[in-house]
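Peer 1: Pasting a structure here, questions to come.
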Amino acid sequence: MSGLDWAWLIGLVGLVLGNLALFNWVRNRVAEFDRKNDALKTLHKALQKQNDALKRELAEVRAGALGVGKRVKEQEQTIALLQARQDEVVQQDPEARLYSRAMKMVELGADVEEIMRECELPRAEAQLLVTLHQRGE
C-alpha cells in the first residue's frame, strides 16, 4: 500500500471514530432530554391533580358563599319585618309613645319636673328614666 492509501485509511478510521463519538454524545443528550421530559410530565400530572382539587374546593367555597349570602338576605328581610312590626306596636301603644317621648326629652336634657309635666309620668318613673340615661352615658 502506498502512503496515500494509508492516509486515506487513517482519515477514514478517524472519520468513523469521530462519527461514533458524535453519535454517542447525541444518544446521551437524547437520553438526558427523555429523563427531563419524563420528570416534567410527572410534575405536570401532579400539578394538574392539584389544580383539579383546587377547582373543586373553589366550587365548594362559592356554593357555601352563595348559601351564606342567601341566609344573610333572609335574615335581613326578617329583621326588617320585625322592625316594622315593632314600630307598628310602638305606634299602637299610647304608653309606649309616652315613654319614647320621655326618653327623647331625657336625651335632650329635660329635668324630672319637665318630664313629669309633659308626659304625665309619676316622679319615680321620670327619675328612673333620667337615672338610666345618666348610667348609659
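The values are calculated or read from the model by the stated rules, or taken from the named source; none is laboratory data. Small disclaimer: the values here were computed from a predicted structure and weren't measured. Cβ coordinates were reconstructed from backbone atoms using ideal geometry, including for glycine residues, and neighbour counts include every protein chain displayed.
Peer 1: Answer with yes or no whether Q48 is surrounded by 10 or more Cβ atoms within 10 Å (Cβ to Cβ) and free of Cβ contacts under 8 Å to residues at least 60 places away in the same chain.
Peer 2: On the way: surrounded by 10 or more Cβ atoms within 10 Å (Cβ to Cβ): yes; free of Cβ contacts under 8 Å to residues at least 60 places away in the same chain: yes.
Here the answer is yes, as Q48 does meet what is asked.
Peer 1: Right, here's the next one. Just need a number here: residues in the range 1-33 that are modelled with pLDDT under 95 and among the charged types (D, E, K, R).
Peer 2: The total comes to 1.
Peer 1: Taking the condition outside the structural domain of R101 (by TED's automatic domain parsing), in a helix (DSSP H, G or I) and modelled with pLDDT of 95 or more, does K70 pass?
Peer 2: Numbers: outside the structural domain of R101 (by TED's automatic domain parsing): yes; in a helix (DSSP H, G or I): yes; modelled with pLDDT of 95 or more: no.
In short, no.
Peer 1: Could you check, for the range 76-92, whether at least one of its residues is loosely packed, with under 10 Cβ neighbours inside 10 Å, on the phi > 0 side of the Ramachandran plot and not aromatic (F, W, Y)?
Peer 2: No, the range 76-92 has no match at all.
Peer 1: Answer yes or no as to whether V106 is touching a helix residue (DSSP H, G or I) at 6+ places or on another chain (Cβ under 7 Å) and of a type in the set (V, I, T).
Peer 2: Values: touching a helix residue (DSSP H, G or I) at 6+ places or on another chain (Cβ under 7 Å): yes; of a type in the set (V, I, T): yes.
The answer is yes for V106.
Peer 1: Name the one entry in L82, L98, L40, L54 that is in a helix (DSSP H, G or I), modelled with pLDDT of 90 or more and closer than 30 Å to E120 by Cα.
Peer 2: L82 is the lone residue from the list that is in a helix (DSSP H, G or I), modelled with pLDDT of 90 or more and closer than 30 Å to E120 by Cα.
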